[in-house]
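Below you'll find the structure, written out as structure tokens, and then a few comments.
The values are calculated or read from the model by the stated rules, or taken from the named source; none is laboratory data. As the structure is a prediction and not an experimental result, all values here were calculated from the model. When we count neighbours, we look across all protein chains shown, and the Cβ atoms used for this are built from the backbone with ideal geometry, even at glycine. Side chains included, ligands, DNA and RNA excluded: accessible areas come from the protein's heavy atoms. Shrake-Rupley method; radii C 1.70, N 1.55, O 1.52, S 1.80 Å.
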Amino acid sequence: MKKRVLVVSGGYIDDVFAGNYINNRKYEIRIACDRGMEFYKRAGLQPDLILGDFDSADPKVLQYFQAMEEISCRQFPPEKDWTDTELAVMHAIELGATEIDLFGATGSRLDHVLGNLSILGLGLQAGVEICMIDAHNRIRLIDREHRIKKDEQFGSFVSLIPYMGAVAGVTLRGFQYPLEHAAMDGFHSLGISNEIVEDEAMITLEQGLLLVIESKD
């Protein structure tokens, strides 16, 4: 049984895009991660759980949600080994998530963006699909076959980036630029800006990890 969880973190969010995307999907659990509470407040949405050290959240917004008895609250000390976003994703997995949509995980802080890309690996370990989403990108991390239907893709471009080392045996079907058992490493841009040209595109790999980034300008 599918259990889709929404996690909203504290990075930049395009409110109109995020609101439309979220309202068109059904979530069994909604988590606000620290400053991500502010998006929920602006959008008129209610989380099921607020979580974090709350060092960057607006105190008035924090008090607003803490006053609601139906909303759970988990507060952590600022001095910890995990980011608030990682804690939120870990908790979503503990709650039985089968899919996680992660918003507010990109923005001006490149260190946080790279750290959040690493968090996608938690999903692989747990068998949970995590999508990092913003107005221009939908990002997954894969270690096995992945298919994208053209009428369901996000934007016009699909880029593949090796993650944490070389990737072997990459085969692409249904793309403008196909590959056959290709090797990809971290010092080339071979996988950037491909396009889907058939009803469904397929990515397979024999070894390694690939970031799959569906994007639009």
Given the structure, is residue 202 under 19 Å from residue 118 (Cβ atoms) and either in a strand (DSSP E or B) or not small (Gly, Ala, Ser) (or both)?
no
Residue under question is residue 130, and the condition is that it be closer than 29 Å to residue 164 by Cβ, in contact with a Gly (Cβ under 7 Å, 6 or more places away or on another chain) and either in a loop (DSSP other than H, G, I, E, B) or open to solvent by less than 20 Å² (accessible area, probe 1.4 Å) (or both); does it hold?
yes
Could you grab me the full set of residues in segment 165-189 that are in a strand (DSSP E or B) and either in contact with an Asp or Glu (Cβ under 6 Å, 6 or more places away or on another chain) or within 12 Å of residue 153 (Cβ to Cβ) (or both)?
166, 168, 169, 171, 175
So which strands (runs of 3 or more DSSP E) stay within segment 17-78 end to end and still have 1 or more residues that are touching a residue at least 24 places away in the same chain (Cβ under 8 Å) and surrounded by 20 or more Cβ atoms within 10 Å (Cβ to Cβ)?
29-33, 49-52
From 124, 211, grab the single residue that is under 15 Å from the mean Cα position of the chain (by Cα), part of a strand (DSSP E or B) and of a type outside the set (Val, Ile, Thr).
211
Please work out which residue is nearest to residue 120 (Cα to Cα), limiting yourself to segment 1-16 and to residues that are charged (D, E, K, R) and either in contact with a strand residue (DSSP E or B) (Cβ under 8 Å, 6 or more places away or on another chain) or open to solvent by 70 Å² or more (accessible area, probe 1.4 Å) (or both).
4
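A quick yes/no check of all residues on (1) surrounded by fewer than 18 Cβ atoms within 10 Å (Cβ to Cβ); (2) not hydrophobic (A, V, I, L, M, F, W, C):
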{"residue": "147", "(1), (2)": "yes, yes"}
{"residue": "158", "(1), (2)": "no, no"}
{"residue": "168", "(1), (2)": "yes, no"}
{"residue": "182", "(1), (2)": "yes, no"}
{"residue": "204", "(1), (2)": "yes, yes"}
Which one is farthest from the chain's Cα centre (by Cα) among residues in segment 170-180 that are open to solvent by 70 Å² or more (accessible area, probe 1.4 Å) and without any contact (Cβ under 8 Å) to a residue 24 or more places away in the chain?
180
When residue 192 is evaluated against the numbered criteria (1) assigned to a strand (DSSP E or B); (2) modelled with pLDDT of 95 or more; (3) open to solvent by 50 Å² or more (accessible area, probe 1.4 Å); (4) of a type in the set (A, V, I, L, M), which criterion, by number, is the only one it fails?
(1)
